[in-house]
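Each value in this text was obtained by applying a stated rule to the coordinates, not by laboratory testing. Keep in mind that this is a model prediction, so the values were computed, not measured.
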Amino acid sequence: MRTILFIIRKETLQVLRDRIMLIQIFLPPVLQLLILAQAMTFEVKHTDLALVDLDGTPAAERLVERFTASGRFDVSVRTASGDVADEALLTREANAVLRIPAGFERDLRRGRSPEVQLILNAEDGAAAGVVQSYAGQILAAFSQAEATATRPRVGLGATRVAAVRPGVRIQTRKLYNPEGKYLAYMAIGLLASLVTIVGILLTSQNIAREKEIGALEQLNVTPITKSQFIVGKLAPFWVLGLIELTVGLLVIRLVFGIPFVGFVPLVYLGAGVYLFAALGLGLLVSTVVQTQQQAQFVTFFVLVTFFFLGGIFTPVDSMPGWAQTVAAFNPIRHFVSLLRTVLIKGGGLGDIAGGLGAMAAFAAVVLTLALLRYRKTAA
Amino acid sequence: MIAFRMSAFRSFVVKETRHILRDRQTLAVLLLMPVAMVLLFGFAIRTDVEDVRVVIVDPSRDARSTDLTRALASTHALRLIAVYSGLQPVEPTLRTGEANVALLLPTDFARRFERGTAEVLVMSDGANANYAATGEAYVRTVVQQWAAENGGGAPVVRVATRMRFNPTLASQNLFVPGLLAFVLTLVSALMTAISIAKEKDTGTMEVLLVSPLRPIQIVVGKVAPYLVLAFVNALTALGLAFVVFGVPVRGSLALLLAAALVYVLVSLALGVLISSRAPNQRTAMMGALLGLMLPTLALSGFIFPIASMPGWLQPVTNIVPATWFILIARGVMLKGVGLAVLWKQCLVLCAMAAILLAAGARSFNDRIE
């Protein structure tokens with residue numbers, strides 16, 4: 001036990017002495033959290049619409065009005081020609097074309113489902129998908145309103161009531177985030193990424209660096225056991241990771257004003273387990289590579305895999321099946337969903353138990369591997 | 001003197017090249033990593049909503065409600081994961097992310113439906129705003145359509161969507177040009193980020209300082225061999241985009257390659273600049289990864305549309321080199337536009353390359369004093 005404390009003390013001193021590094025691991029992450037979290041949004045505030053209304057009836061007007069009244073669409077071009085609309089798309093005068101077919105109102109009245117066409121500038125992938133979903137919502141609401149309006153009525157004056165006719169009224173409710181904002185979701189994802197970058201970077205180069213400068217030899221001739229060595233190496237970085245998380249949570253809570261719905265200590269429980277997994281992985285990388293440069297490239301690869309296959313910025317649900325399977329083994333995927341479940345949705349221990357277990361299993365595997373890979377004798 | 005400097009420069013480049021070629025393991029990593037990344041993430045980075053998990057709460061289980069359930073289950077974009085009888089609460093399934101959307105039917109659904117008084121509630125997990133909105137609209141449309149077909153209410157307005165400039169709308173294709181920009185810039189910058197810092201760590205910096213080479217020659221000499229490597233990466237990445245992902249190149253291939261060359265040069269120069277400012281390898285690497293990875297990802301328009309960002313932030317995206325390359329790559333590949341439209345973006349990349357190389361040489365110079 002005393003030996004471990006000595007190593008921890010040595011590693012801590014080493015961290016505290018390196019002022020440049022200390023600034024490096026706190027200042028850029030906080031700045032990035034402040035700035036980048038606000039850049040990460042899929043919300044498309046405004047779409048210029050080229051309108052090709054071949055019907056020109058009140059029903060068509062009502063539909064167009066729903067588009068403009070949503071505040072998300074503006075009609076920038078009105079034309080009867082598809083070619084003109086297409087040209088507007090090329091010159092970016094419009095980002096979408098809405099084409100209402102002739103006979104739109106007649107079809108509606110006769111009970112046939114008319115088909116409108118929506119042409120989107122899909123050059124910017126995410127934006128096109130989002131605009132499509134806005135349009136879908138508007139059309140769904142329009143259909144519902146028309147259904148209510150066209151219901152035949154019977155009776156006279158104030159006693160007029162809707163005739164008994166089959167139908168449903170649909171209400172919708174978005175839980176946890178009724179306004180559909182992205183900031184909380186993305187800021188939490190970003191925080192998880194930053195904690196991961198710092199944690200893995202610190203550990204992955206650590207042993208490689210000692211190899212390069214020859215300090216590992218010195219450690220190897222001491223009576224320290226392998227597990228003492230690993231625990232001693234990890235402990236200071238584990239604490240640093242939790243401090244980093246705390247700073248980030250404060251930024252999210254105080255600067256962005258995002259309320260934390262759940263029980264915050266659960267987040268620390270999750271982070272404690274997750275950091276073992278992430279730091280263990282960094283340490284494993286460190287034992288495998290020969291030079292710091294190799295460590296850097298492997299770390300980069302690991303980090304990018306974490307980010308793109310972890311459901312941080314694009315949802316895991318959108319990924320193809322094999323990628324979803326890979327994501328199940330990705331500890332950051334569990335960590336970030338734990339953070340969101342607790343902080344945004346108010347989840348309790350029962351909701352996060354599965355994720356905790358997965359992260360713990362991952363940590364156990366990588367730490368064991370790191371222990372096996374690290375040899376005290378120089379090869 | 002000039003002749004001497006030139007020959008010294010030439011031998012410096014030769015020496016740097018040998019350093020790179022000697023370390024086969026690292027070389028293999030440098031050449032294979034971009035390939036692996038483009039292949040892996042080109043398929044995985046998507047934002048389309050195609051597989052919404054739905055839970056239905058149906059206390060009545062009558063003919064009507066089972067029919068509606070069947071209609072939902074047979075919808076392509078929806079996956080029915082459970083039908084609850086209404087005794088157990090449905091909110092936890094949304095909280096854990098097990099389901100994206102829940103549809104709650106009233107008791108006695110069939111009778112209420114006939115009378116036109118059936119009220120259904122569509123609840124969605126709003127934490128992921130985009131997924132919630134789209135999933136909710138899907139479920140709503142199916143319910144409306146079903147009601148219309150069963151004699152209730154007015155018919156539904158259907159929508160046919162066409163994605164212009166990418167008619168097949170394989171969403172992975174839309175992200176591939178951005179992914180190329182992201183991978184190329186980071187791999188290139190990481191290649192050179194170590195270069196000068198390593199000389200400091202190993203103590204060979206002094207040797208370089210007393211050599212007759214000028215700072216700009218050292219900087220260019222460090223970059224030159226990597227430029228070949230980085231351009232090879234650009235070629236393989238573009239090849240993959242074309243062959244594996246079927247991203248078209250509608251415009252001039254020559255323009256695209258020229259832009260890619262300038263773009264990797266910008267990234268390499270950025271790496272050298274970081275390297276010459278950092279006191280040791282570790283700081284250089286931290287700086288390169290921490291400083292470039294997330295800003296490039298978030299501010300280049302690769303995943304998040306620049307037009308969606310707050311007004312004050314949009315000008316900031318101009319300092320990210322990837323922003324400009326993505327505009328060029330998307331323009332040439334998807335829209336087929338040429339230099340007439342993209343000259344400004346190309347010019348900016350060239351200017352960035354010149355400024356970064358000069359800044360790298362300069363901060364190298366400062367260190368000598």
Mean Kyte hydropathy of 0.0 or more with a Cα span along the axis of at least 18 Å, helices from DSSP in chain B: B:2-22, B:24-44, B:171-193, B:215-243, B:253-277, B:281-299, B:339-368
Residues whose placed amide H lies under 5 Å from that of residue A:172, excluding near-sequence neighbours: B:122
Helix-only CD estimate at 222 nm, as mean residue ellipticity for chain A, using -39500 (n - 2.57) per DSSP H run (n ≥ 4): -21000 deg cm²/dmol
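Tell me, what is a quarter of the convex hull surface for the C-alpha atoms of the stretch A:248-379, in nm² with one decimal?
Numbers: hull surface 38.6 nm².
Approximately 9.6 nm², given one-decimal rounding.
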Cα gyration tensor category, rounded, prolate or oblate, for the stretch B:244-315 with a/c compared to 1.5: oblate
Nearest 10 degrees, 0 to 90: helix A:226-250 Cα axis against chain A principal axis: 40 degrees
Within the protein assembly as shown, percent of DSSP bridges classed antiparallel, to nearest 5: 20 percent
Scaled radius of gyration (Cα, divided by 2.2 N^0.38 Å) that the stretch B:273-321 gives: 1.38
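Stokes-Einstein diffusion coefficient for chain A at 4 °C in a medium of 1.567 mPa s, Rh from the Kirkwood formula over Cα pairs: what value in µm²/s?
On the way: Rh = 24.9 Å.
Rounded to a whole number, D works out at 52 µm²/s.
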MRE, 222 nm, helices only [DSSP H, n ≥ 4, -39500 (n - 2.57), over chain B, to nearest 500]: -21500 deg cm²/dmol
Relative counts (whole %) of C-alpha pair distances in chain B, using bins that are 20 Å wide: 24, 40, 24, 11, 2
Residues whose placed amide H lies under 5 Å from that of residue A:78, excluding near-sequence neighbours: A:51
Top of B:75, B:323, B:296 by mean-square fluctuation, Gaussian network on chain B, Cα under 10 Å: B:75
Helix axis angle, A:349-373 relative to chain A longest principal axis, alpha carbon, degrees: 40 degrees
Rg/Rh (Cα only; Kirkwood hydrodynamic radius) as it applies to the stretch B:1-95: 1.57
Cα centroid separation - the stretch B:5-55 against the stretch A:21-73, whole Å: 34 Å
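What fraction of the DSSP beta bridges in chain A is antiparallel, stated in percent and rounded to the nearest 5?
On the way: 6 of 16 bridges.
So the antiparallel bridges in chain A amount to around 40 percent.
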C-alpha center-to-center spacing [the stretch B:228-292, the stretch A:92-124] in angstrom: 42 Å
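Strictly over 27 Å apart at the Cα level, which of A:45/A:345; A:233/B:222; B:198/B:344; B:15/B:344; A:211/B:222; B:15/B:200 would you flag in this model?
Flagged as over cut-off: A:233/B:222; B:198/B:344; B:15/B:344.
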Gyration tensor (Cα) of the stretch A:317-379, equivalent ellipsoid semi-axes in angstrom: 30, 16, 8
Computed over chain B: relative contact order in percent, which uses C-alpha pairs under 8 Å that are six or more apart: 19 percent
Percentage relative contact order, chain A, counting C-alpha pairs under 8 Å, at least six apart: 17 percent
For the stretch B:225-362, the fraction of alpha-carbon pairs in successive 5 Å shells from zero, as %: 2, 10, 16, 21, 22, 16, 9, 4, 1, 0
For the stretch A:82-91, Karplus couplings with θ = phi - 60° (6.51, -1.76, 1.60), whole Hz, Gly/Pro x: x, 5, 4, 4, 5, 4, 4, 5, 5, 7
Rg and Dmax of the stretch B:193-260, Cα atoms only, in Å: 17.9, 52
Whole-Hz couplings from phi, Karplus 6.51/-1.76/1.60, listed for the stretch A:6-12; x for Gly and Pro: 5, 5, 4, 4, 4, 5, 5
In degrees, nearest ten, helix A:58-69 long axis to first principal axis of chain A (Cα): 30 degrees
Per-residue HN-Hα couplings for the stretch A:186-192 [Karplus 6.51, -1.76, 1.60; θ = phi - 60°; Hz; x = Gly/Pro]: 6, 4, 5, x, 5, 4, 4
Most mobile of A:246, A:91, A:291 in a GNM of chain A (Cα contacts under 10 Å): A:91
Overall form of the stretch A:59-112 per C-alpha gyration tensor (a/c, 1.5; a/b vs b/c): oblate
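Label the stretch B:284-369 by shape, choosing from rounded, prolate and oblate, from the square roots a ≥ b ≥ c of the eigenvalues of the Cα gyration tensor; if a/c is under 1.5 it is rounded, and otherwise prolate applies when a/b is larger than b/c, oblate when it is not.
Numbers: a/c = 2.44, a/b = 1.48, b/c = 1.65.
The shape class here is oblate.
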For residue B:57, distant residues with modelled amide H under 5 Å away: B:84, B:103, B:104, B:105
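Evaluate 2.2 N^0.38 Å with N set to the residue count of the protein assembly as shown, then give the Cα radius of gyration divided by it. Please report the intermediate quantities before stating the final value.
Working: Rg = 29.1 Å, N = 748, 2.2 N^0.38 = 27.2 Å.
Expressed relative to 2.2 N^0.38 Å, the Cα Rg reads 1.07.
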GNM top mover of B:298, B:110, B:351 - chain B, alpha-carbon springs below 10 Å: B:110
